[in-house]
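Data first, discussion second: the structure below is written as structure tokens.
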Amino acid sequence: MDAAVVVALIGIALLVGELLLSTGGVLAALGALGLVAGGILALESDSGAADVVGPALIALGVLSLVAFYFITRKVIAAHREEPVRTGSEELVGASAEVRSTLDPEGQVWIEGALWGARLAGGDGRVAVGDRVTVDAVEGLTLVVRPESSPVGKAEEGAS
């Protein structure tokens, strides 16, 4: 078997290994470099197919390196972002609309669902239609606080 074929097959095996094992791109880089090395070895051989196989392997290796570079950047950026929150974790910090007066308990509309809610301070009153922010989730009850509205405060001060 020709050395170029062996090196190219090892490069392909390393690329497949990267798909199956999460090595952080080490196997992908080595596999792409193996394809380029296999192409260079093919060009140096006396085989009739070397004129086609060599450039094809080099092009495939370079394309693999470019794809590896861009995909790795996206994966690293995705891991740097805030972790995925689901379920009740997602509600903390979100804004909700009051559907029944919170005095101190009532109901709010958030994320397409009606939730039982309680004011965080335990006292006060929030009217229907006002906005509140979710501070915590306790079972099926949201602990909320009124959102401060600069427009509303200016109107209150004017009257």
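The values are calculated or read from the model by the stated rules, or taken from the named source; none is laboratory data. Only a predicted model underlies this, so the values are computations on that prediction, with no experimental measurement involved. With ideal geometry, Cβ positions are generated from the backbone for all residues, glycine too; neighbour counts draw on all protein chains shown.
In this structure, ALA113 does not qualify as outside the structural domain of ALA32 (by TED's automatic domain parsing), touching a strand residue (DSSP E or B) at 6+ places or on another chain (Cβ under 9 Å) and aliphatic (A, V, I, L, M). Residue check: is ASP2 surrounded by 15 or more Cβ atoms within 10 Å (Cβ to Cβ), charged (D, E, K, R) and touching a helix residue (DSSP H, G or I) at 6+ places or on another chain (Cβ under 9 Å)? Yes; evaluated as a whole, the condition is true for this residue. Scanning the stretch 75-96 for residues that are in a helix (DSSP H, G or I) and at pLDDT 85 or above gives a single hit, LEU91.
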